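Worksheet: the structure to be examined is printed underneath.
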Amino acid sequence: MAWQGVIGLEVHAQLRTRSKIFCACPTTFGAAPNAHTCPVCLGHPGALPVLNERAVRLAVVAGLALDCAIATRSRFDRKNYFYPDLPKGYQITQVTAPLCTGGHLDVATAAGVVRGRIHHIHLEEDAGKSIHDASPAGTLVDLNRAGTPLIEIVGEPDLRSADDAVAWLRELRAILRHTGVCDGNMEEGSLRCDANVSVHRPNAPFGTRCEIKNLNSFRAVRDAIAHEIERQQAVIDAGGVVLQQTRLWDAERSRTLPMRSKEEAHDYRYFPEPDLLPLHVAPELVAELRAALPELPAARRARWSAAWGVPAAAAAVLCDEPVRADAFERALGAGPAADLAAAFALFVTGQVQAAHQRSARTDADVDAALPVLLDVCARWVQGRLTNKMLADVLQSAFGGDAALGAELERALAQVGAVVTDAGALAPTVDAVLAEHADQAARYRAGHTPVLGFFVGQVMRRLGGRGDAQAVQRLLQQRLDQ
Amino acid sequence: MLHAALSLPGAPAVMGVVETAHAIAAGAVRASDVAAAALARIDAFEGDLHAFLHVDRTGALAAAERVDADRRAGLPLGPLAGVPVHIKDMIAVAGMPLTAGSKMLAGWTPPLDATVVARLRAAGAVLIGKTNQDEFAMGSSNENSAFGPSRNPWDRTRVAGGSSGGAAAATAAGLGCGGLGTDTGGSVRQPAALCGVVGFKPTWGRVSRAGVVAFASSLDQVGTLTRSVADAAALYTAIAGSDPLDATSDPRPVADCAADLTEAKDLRGVRLGVPIEYLDAADGLDAGVRQRIEEALATLAQRGADVRRVSLPHVRFGIAAYYLVCTAEASANLQRYDGVRFGHRAALAPGATLDSLYATSRGEGFGPEVKRRILLGTFALSAGFHDAYYRKACQVRRLVHDDFARALRDCDALVGPTSPVCAWPLGAHAHDPLAMYLMDIFTVSANLAGLPALSVPAAPHPASALPVGLQFVGRAFDEASLLRVAHAFEAARGPCAWPAPAARSE
Ligand SMILES: [Zn+2]
């Protein structure tokens, strides 16, 4: 029997608060090193943590969105270890009594719905950043990130393949974004993932697991898990034993490397954080946050499908980012334009996304232009723009300097109207037929596929602006005469 | 020994907190004269007491002159306007160096005032300097100060107690009207007892710890050292109350305890419990101390108190539990002293490893007792031992807490000795840490239970004439009742004698 991967993800998500979890320093990304620090997040003697209420609310929202139980009384613990970017010498986290427990997240995959259960979600503070290669004098430490509020979402080992894991993580990110808990930006580190991977034969106990750290893109998650499953299979197939290890993903060389073994694992000497009282979350607050939960991406996709027939794949892409999904709904409005929804969804996730990826435009710029893009899509669907005209409009608009909406309007005006009128088409059609009398003869001799050649010739001469059907009709008329 | 023996000519600094505040408010003395006199007494005593690690002459005189100017301008004065006070070196005073008695922090100056210091300043107090202490408040004799011990004003060959030994010695010698200490296992009350002053530790959570160097956070509490209970109440009232910078500070309002103590009341109807474990069945309790405590109990009964025996069956495990909890927390609290961001950093050859930076910086910066406690605490929390030591200690702590809760249901306060012995000769226990730990036997339980506790001088020891401390432990957040009882005892006891500058026994 084949080996099967067993995967559980541990996801660190930065909460969307203005200030850090235990002090008033801002959490904005990209400030000068150590600009966002104070005695608390520098770990000065005598400085004490004061819990950010907004961080607690966001963590509760995450728990509710993932069907967790919210503990009315949870607790903070100290996780002790020495590292230069850990100013106090301990991280304040929740180990024995986390804020959220249980819960699950279902994702649709090719093989059906996969349920990834959630063991718990806890609140904690982030560490700073050690920069090892910026100065010949030694390692530099930037503590701007120290004390940034995080939740760690600890998944059960319910996933069975790298693709499952990516789908689960993608859905988790969409939920965290829809609920405003986390911006989900993996490049800036606001969403980070570790994967616990083991292999087993179906129905046999799970094998020894390795934890892979430092997975900061979906690609890294997919590749690292796939490689690790292969590596463990190879070890076992060669008669070896998988060792419990923490491994690091080396994306450049596509491999995982051992970081430390079980024997070298830190003894974190956890104990309750005496500077913070137990965290009480009133049932009233939980009820209030539950009532205020926004529509989650799965429900939104289902609604789009039922009401508008939007295909699942396009809906998934659009609902990845709630700002985009909102802009999409706003552009469609409630009126008759909703008929166009399915086509528009495919258009936005197809041609528009392709053009966007080739350009330097921002998501916000594209989101703001969605109403004009809807107009473009409508014209195209209704045949008022040919494929060629559409491609020209998109290329010209995305390449322009002004806002995308304005550029689209300009490009639409420039491209003009499709030529459908037989009278207007006739001179071109007649000229082409005259130039290719031999081909016309072949057609008339019964070689009808030649018609395509004529349509292409006419369209080229019209700069792509001819209505293909009208052109074809007129050609047939003339040839059949 | 008489009050008069203390007074340098025209030196009002030997007045207490309340008396000084009144005299300045009434215009009877100028704040700058009070400050100058306090500084002059520091000059006279400091050479052999070594009570201070830093004296802020300029700052003190400037603050006092501001009080005088405010008074001349008719501006309202704070309740402690012009009162010279000292601050234990565990507590941050912006602009004054802070060492916590350790070489590890030598040269570090905190950027901000601790909340308690900011509140003293707001009340008009004049901050005269930072008092000596055992390193990171770990010690019962002040001999663990990296800068040399404070000495007992009653007998310079003896210890001042610890860890707030500098504050107790300074207070006893009249170097300022009083001051702030910190009490983790008796560090305010025990030196107060040994130096013959009042040491008051409020309920855990009553006074902000923001800006106070952490030793064992769940036990640490800022307290006061003064020459009277009324003075303790005055300082306490100024510093107590919730603080947004300390999440563990309690929101309950603070009664004005100072106003409550204007006249001595009798103790009719007050039920005082004497834990048999602290007196009748106490091991190692000095006979002279026992005698003075029993006399004090008689005095309390004469004033109308219902003095009865109670039992706290689990307090005999208190010392063991205390030394596991406090060392465990200390091992974490002291991890920030790693030579990376502030404090002592070892000079290492280029290319030295990170581990050697940590090991050498900490090896050089910490003294032996601090290292001993870090090792003990690290061990108590480590995998495989956590349940047997740290967790078990927390369970004992809960039992001790419950013992006190039970006893304080039927009693208004508990009373007994503060320290089993009087001040001992310097060096007597220096090489016997366990004997030293046992000096805290009567004080640690109040910290384990988080309760307010106060040491007030009883009559001097019958043989040595050294001070003996009587300890009261009260109900959580009822500091007012505790202070009333102690105040009544103090009135019944009569005036205490204070050590004179000339009273040296060498
Ligand atoms: Zn900060």
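Over the C-alpha trace of region B:1-148, radius of gyration and Dmax come out as 15.8, 47 angstrom.
In plain terms, the residue of B:MET138, A:MET186 with the fewest other Cβ atoms within 10 Å comes first and the most crowded comes last, giving A:MET186, B:MET138.
Other residues whose C-beta falls under 14 angstrom from the C-beta of A:GLY423 contribute a net charge of -1, scoring Lys and Arg +1 and Asp and Glu -1.
Hey, any idea what Rg/Rh is for region A:284-391, computing Rh the Kirkwood way over Cα pairs? Ratio of gyration radius to Kirkwood radius: 1.04.
Applying a 4.7 Å Cβ-Cβ cutoff to chain A, the cysteines left without a disulfide-compatible partner are A:CYS23, A:CYS25, A:CYS38, A:CYS41, A:CYS182, A:CYS193, A:CYS210, A:CYS319, A:CYS377. Its relative contact order, with pairs defined as Cα atoms under 8 Å and 6+ residues apart, puts chain A at 14 percent.
Over all pairs of different C-alpha atoms in region A:422-480, the reciprocal of the mean inverse distance, the Kirkwood hydrodynamic radius, equals 11.1 Å.
By count of other Cβ within 10 Å, fewest leading, how are B:LEU112, B:LEU120 ordered? Could you put the intermediate results ahead of the total?
Values: B:LEU112 19, B:LEU120 26.
Starting with the residue having the fewest Cβ neighbours, the order is B:LEU112, B:LEU120.
Using alpha carbons only, what's the Rg to Rh ratio of region A:32-173 with Rh from Kirkwood? Kindly include the intermediate steps, with their values, before the conclusion.
Details: Rg = 18.0 Å, Rh = 17.1 Å.
Across region A:32-173, the Cα-based Rg/Rh ratio is 1.06.
Global size of chain B: 21.4, 73 Å for Rg and Dmax (C-alpha atoms, Rg to one decimal, Dmax whole). All Cα-Cα separations within chain A were binned at 20 Å from zero, giving a P(r) of 19, 42, 26, 11, 2, each value a whole percent of the pairs. Straight-line cross-link partners of A:LYS20 among the lysines, defined as a Cα under 27 Å from its Cα and at least 8 positions apart when in the same chain: A:LYS79, A:LYS88, A:LYS129, A:LYS213.
Per the Debye calculation on region A:4-285 with a single equal scatterer at every Cα and no solvent contribution, log₁₀ I(q)/I(0) for q = 0.13, 0.17 Å⁻¹ amounts to -0.93, -1.49. Can you show me the helix-derived [θ] at 222 nm for chain B, built from DSSP H runs with n ≥ 4 at -39,500 (n - 2.57) apiece and divided by the number of residues, rounded to the nearest 500. Taken over chain B, the calculation gives -11500 deg cm²/dmol.
When the charge dipole of region B:279-374 is built from unit charges on Cβ atoms (+1 for Lys and Arg, -1 for Asp and Glu) and taken about the Cα centre, the candidate among B:PRO313, B:GLY351, B:GLN291 whose Cα reaches farthest toward its positive end is B:GLY351.
Give me the mean projected area, in nm² to one decimal, of the convex hull enclosing the Cα positions of region B:409-506.
Hull-based average projected area comes out at 8.3 nm².
Within the shell of other residues whose beta carbon sits under 13 angstrom from the beta carbon of B:PRO253, the net charge comes to -2, with Lys and Arg scored +1 and Asp and Glu -1. If you take the alpha carbon atoms of the protein assembly as shown and fit the smallest convex hull around them, that volume is 234 Å³ per residue. The phi torsions of region B:204-220, fed into the Karplus equation with coefficients 6.51, -1.76 and 1.60 and a -60° offset, translate into couplings of 4, x, 7, 10, 4, 9, 5, x, 9, 4, 7, 9, 9, 4, 7, 10, 4 Hz, rounded to whole numbers, with Gly and Pro shown as x.
Scanning residues 5 or more positions from A:LEU248 or on other chains, those with amide H under 5 Å from its amide H are A:LYS213, A:LEU257, A:MET259, with H placed 1.01 Å from N in the peptide plane.
May I ask what percent, to the nearest 5, of DSSP beta bridges between residues of chain B are antiparallel? Numbers along the way, then the final one.
On the way: 30 of 45 bridges.
In chain B, approximately 65 percent of DSSP beta bridges are antiparallel ones.
For region A:381-465, count all C-alpha to C-alpha pairs, find those more than 20 Å apart, and express that count as a whole percent of the total. Tail fraction, whole percent: 47. Mean partner shielding of peptide A:47-55, defined as the number of other chain Cβ atoms within 10 Å of each residue Cβ, is 4.
Relative to the longest principal axis of the Cα atoms of chain A, the long axis of helix A:450-461 makes an angle of roughly 80 degrees. Projecting label points 7 angstrom from Cα along Cα→Cβ for B:ALA122 and A:ASP363 puts them 4.5 nm apart.
Test of understanding: what is the full-extension gain from A:ARG410 to A:PHE206, defined as 0.36 nm times their sequence separation minus their Cα-Cα distance?
On the way: separation 204, 0.36 × 204 = 73.44 nm, distance 6.09 nm.
Net length gain for the segment: 67.4 nm.
Per-residue ellipticity at 222 nm from helix content only, as computed over chain A with -39500 (n - 2.57) for each DSSP H run of at least four residues, stands at -12500 deg cm²/dmol.
What is the sum of charges around A:ALA406, taking Lys and Arg as +1, Asp and Glu as -1, for the other residues whose C-beta is under 15 Å from the C-beta of A:ALA406?
Result for the neighbourhood of A:ALA406: -4.
Rg and Dmax of region B:350-444, based on Cα coordinates, read 19.3, 66 Å.
FRET efficiency for the A:ASP250 to A:ALA291 pair, using the beta carbon distance and R₀ = 60 Å, is estimated at 0.85. A simple spin-label model places the labels of B:SER311 and A:ARG444 12.6 nm from each other, with each point 7 Å out along Cα-to-Cβ.
Under 8 Å for C-alpha pairs, at least 6 residues apart: give me the relative contact order for chain B, rounded to a whole percent. Write down the numbers at each step before the final one.
On the way: 1244 pairs, mean separation 91.0, N = 506.
About 18 percent, as a whole number.
Put a dot 7 Å past the Cα of A:ARG73, heading toward its Cβ, do the same for B:ASP283, and the two dots end up 3.6 nm apart.
A cut-off of 5 Å between modelled amide H atoms, ignoring neighbours fewer than 5 places along the same chain, links B:LEU466 with B:HIS461.
Just checking the output field for A:264-276: average partner chain Cβ neighbours within 10 Å of each residue's Cβ? It would help to have the intermediate numbers written out before the result.
Details: counts 0, 1, 1, 6, 3, 14, 5, 13, 4, 5, 14, 10, 3.
Per residue, the number of nearby Cβ atoms from other chains is 6 on average.
Throughout, read-outs are computed from the coordinates displayed, never taken from laboratory work. Source: prediction; values computed, not measured. Here the Cβ is made from the backbone with ideal geometry for all residues, glycine too, and neighbour counts use every protein chain on show.
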